[in-house]
Each structure stands twice: as structure tokens, then as C-alpha cells.
Amino acid sequence: MPKFRFTVVDATGQERSGTIEAASEADVATTMAQRGLRVLRIAPAYDSSPGMAIPRGRDEPAWAPAAAPARSPGRFAIPPVLPLAFSCAAVLFSFAALLINLSSGDPLGKGIAAYDFSTPETAARSILQIDANGDVRAKIELGHLSDGGDPHGAAKTMEVVRVVDYQGTKVVFARYARGGKTRRRVFTFEKDLATKLWRPNYLSSYRVRDTDEQLAKEMSDWTDPD
């Protein structure tokens, strides 16, 4: 049963205060009247011990809007729409850069025709320009020049001389023509279990030497120095 605080005046005119359990304030007033006391104040008695919420007054509303958080001095609140706008702008700029790159020609680059290799001095400058421009096509074409100008010559003239099985790896001894010279090279492949295709595994003669010194020597002797 709830408790109520009361202040009353007795028959001698003295004020008295206390607490009483009752169903309502009206019951408190009735009890005081039956005792010959004049009621001055009646209010609910709340426990103010730690952990008990102090209730609102009788005239306060049942709820109140939460107070706005204090803003630090000089702090600027960023509207939530700005991050989205920045992201959209970044996408548009990237798309525009892609269109410019595609419209400018081959995305791989212009090739060596766009550079001057007429003298050693201009050739050196052109090499630096190719690196600065990231001209992939020009680098590929320069590699073809080093091969004698025929990028398909090595593949057309390649001859497999010998194939050796080493611990599941196929060691292929091959020779071909490049730049007017006969070159020799060792290829190594292993079979991919998922695709059943042979893929390079880059097995070196140094790794083979630990278990097959003879094969390692043959691989080393067959490979032409760069």
C-alpha cells in the first residue's frame, strides 16, 4: 500500500507531520478528519534511498522532450547527406577519367611510334618518357625489337628436345630462334588437379640439386645466360 506524507493542525493549533499508509489521498484526508485533525498538506511519500527513482511532481507532464546534446564550441556538425554526395562525386570523377582514357586511344599506350629513337640521346629520353607515361605497348614493342623484330619467331621455331619427369614435375628442355640466334631454355610444369591443365611451377636447378644432382647440372648447362 502506498505511503503519504501529511501535515495537519490538531485541536490545540499545533502543526504535526508524518507518514501514513493509505489507498489514496482521499483516504488519508478521511482518516485525519475522523481524528479531529485539519489537513494542511497531503503528498505521496517516496523513498529517496539510492536506486529509487525520484518521481515527478504532480503538475509535471508525463513526458518531456529530450534536451538537445551540448555542442562543443567551434564544432561544426556535418549534414548526413554530405558523405553520400562525396561518394557519388568520386564515382563520377572515376568514370570520367575512364572515359578520357578510352577516348584518348589504346589504353595500353601509344607505342614506340610516339617517341624519338633516332639518336642515343633522344632514345634515352624516350625511355624515361615511356616509364613516366606507363606506356605498356611501347615497352612490349621494345622487347620485340630486342628479339629481332619478330615477336612470333620464338614460338614458331621452338623445338622440344627432351622431357624429364621429376617428382610430378615435367622438365622440358627446348630450343628456339630469337634475334637471329639459337636459344636454349628449360621449362617446368605441374598438372593442376582441378583443371587437368599443365601450369608453370618455376622449378629451379638449385632445388633439384638436393635430390638429383645430375638433372640439376643438365638444367643449368642447358639454360642460356641472359
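The values are calculated or read from the model by the stated rules, or taken from the named source; none is laboratory data. Keep in mind the model is a prediction, meaning the values are calculated, not measured. Every residue, glycine as well, gets a Cβ built from its backbone with ideal geometry; the counts of neighbours run over all protein chains shown.
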Does residue 116 satisfy being modelled with pLDDT of 85 or more, assigned to a loop (DSSP other than H, G, I, E, B) and either out of contact with any helix residue (DSSP H, G or I) (no Cβ under 8 Å at 6 or more places or on another chain) or more than 30 Å from residue 213 (Cβ to Cβ) (or both)?
yes
Among residues of segment 181-198, those that are within 24 Å of residue 157 (Cβ to Cβ) and either surrounded by 11 or more Cβ atoms within 10 Å (Cβ to Cβ) or in contact (Cβ under 8 Å) with a residue 40 or more places away in the chain (or both), counted:
9
Taking only segment 200-226 into account, find how many residues are within 26 Å of residue 156 (Cβ to Cβ) and in contact with a Lys or Arg (Cβ under 8 Å, 6 or more places away or on another chain).
3
If only one of 140, 130 is touching a helix residue (DSSP H, G or I) at 6+ places or on another chain (Cβ under 6 Å) and within 30 Å of residue 108 (Cβ to Cβ), which one is it?
130
From 130, 140, which residue is part of a helix (DSSP H, G or I), assigned by TED's automatic domain parsing to the domain that holds residue 116 and buried (at least 16 other Cβ atoms within 10 Å of the Cβ)?
130
Which count do you get for residues in segment 147-180 that are modelled with pLDDT under 85 and under 24 Å from residue 220 (Cβ atoms)?
4
Within segment 191-199, is there a residue that is under 43 Å from the mean Cα position of the chain (by Cα) and of a type in the set (Phe, Trp, Tyr)?
yes
Being modelled with pLDDT under 55 and assigned to a loop (DSSP other than H, G, I, E, B) narrows 107, 69 down to just 69
